[in-house]
1. When you look at Ala92, is it aliphatic (A, V, I, L, M) and at pLDDT 70 or above, yes or no?
2. Those residues that are assigned to a helix (DSSP H, G or I), closer than 17 Å to Leu198 by Cβ and modelled with pLDDT of 75 or more, I need them from the range 67-89; list them, please.
3. It is to be established whether one or more residues within the range 37-57 are open to solvent by less than 50 Å² (accessible area, probe 1.4 Å), under 30 Å from Gly173 (Cα atoms), at pLDDT 90 or above and not acidic (Asp, Glu).
4. Taking only the range 100-143 into account, find how many residues are within 13 Å of the chain's Cα centre (by Cα) and surrounded by 21 or more Cβ atoms within 10 Å (Cβ to Cβ).
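The values are calculated or read from the model by the stated rules, or taken from the named source; none is laboratory data. Bear in mind the structure is a predicted one, so any value in this text is a computation, not a measurement. All Cβ positions, even for glycine, are placed from backbone atoms using ideal geometry, and neighbour counts span all protein chains on display. Areas reflect the complete protein model, heavy atoms only, side chains present, ligands, DNA and RNA absent. Shrake-Rupley method; radii C 1.70, N 1.55, O 1.52, S 1.80 Å.
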Amino acid sequence: MDFFAAALQGDALSATLALAMLAMSVASWTVIFYKAWLLHRVSADVVNGKAAFWQARDVQQGIQALTAVERTAVLLPLAQANQQLMPGTLGAQGDVSAQRTRVLRDALHGVLHRLQSGQVLLATVGSTAPFVGLLGTVWGIYHALTGIATAGQLTIERVAGPVGEALVMTAAGLAVALPAVLAFNVMGRVINRLEQELEGFAHDLRDL
């Protein structure tokens, strides 16, 4: 917080860069906490929901079982996809198997879109935050050297203080980027595993 307070007291560009890194940090940590909570619940719902659905006597009872068990509704849209077939419409023309494949695919894409939300933000923060910090460092060193040249005295004390403060911007950029990159990689693996589970469930539903 002392770093951001000092940066905000600088010129307009320094304050803008500090606010940008603060906003990226808050946004990425918000996404990290929310996605960790969501993926934990989805992982449990997939296991419990599949067990409850396949233990039911028919599809209708399976849907009721999913409604009672699931908290995040990731399997339920797939189980209800068959109800979206509309006889007498253009979408109902052609092979019935192709129609069911289409509605299942659309339902699956909707669920996967929910699971993947926030990944783009984490990737963006992880890739841009170090460069924002580096820009702040370059700008801070430029101002430090300009101030030294104006003062007309070159001493190690005059150089070390301003340059050291400017280098903190690079460290701040890395501190913002590293959690976002780690979270993106870890959550990406979890999402890929859940995607395989959901695709397998959708395939079994189509066969059913």
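1. So Ala92 fails the test.
2. Matches in the range 67-89: Val69, Leu76, Pro77, Leu78, Ala79, Ala81.
3. yes
4. Within the range 100-143, residues that are within 13 Å of the chain's Cα centre (by Cα) and surrounded by 21 or more Cβ atoms within 10 Å (Cβ to Cβ) number 4.
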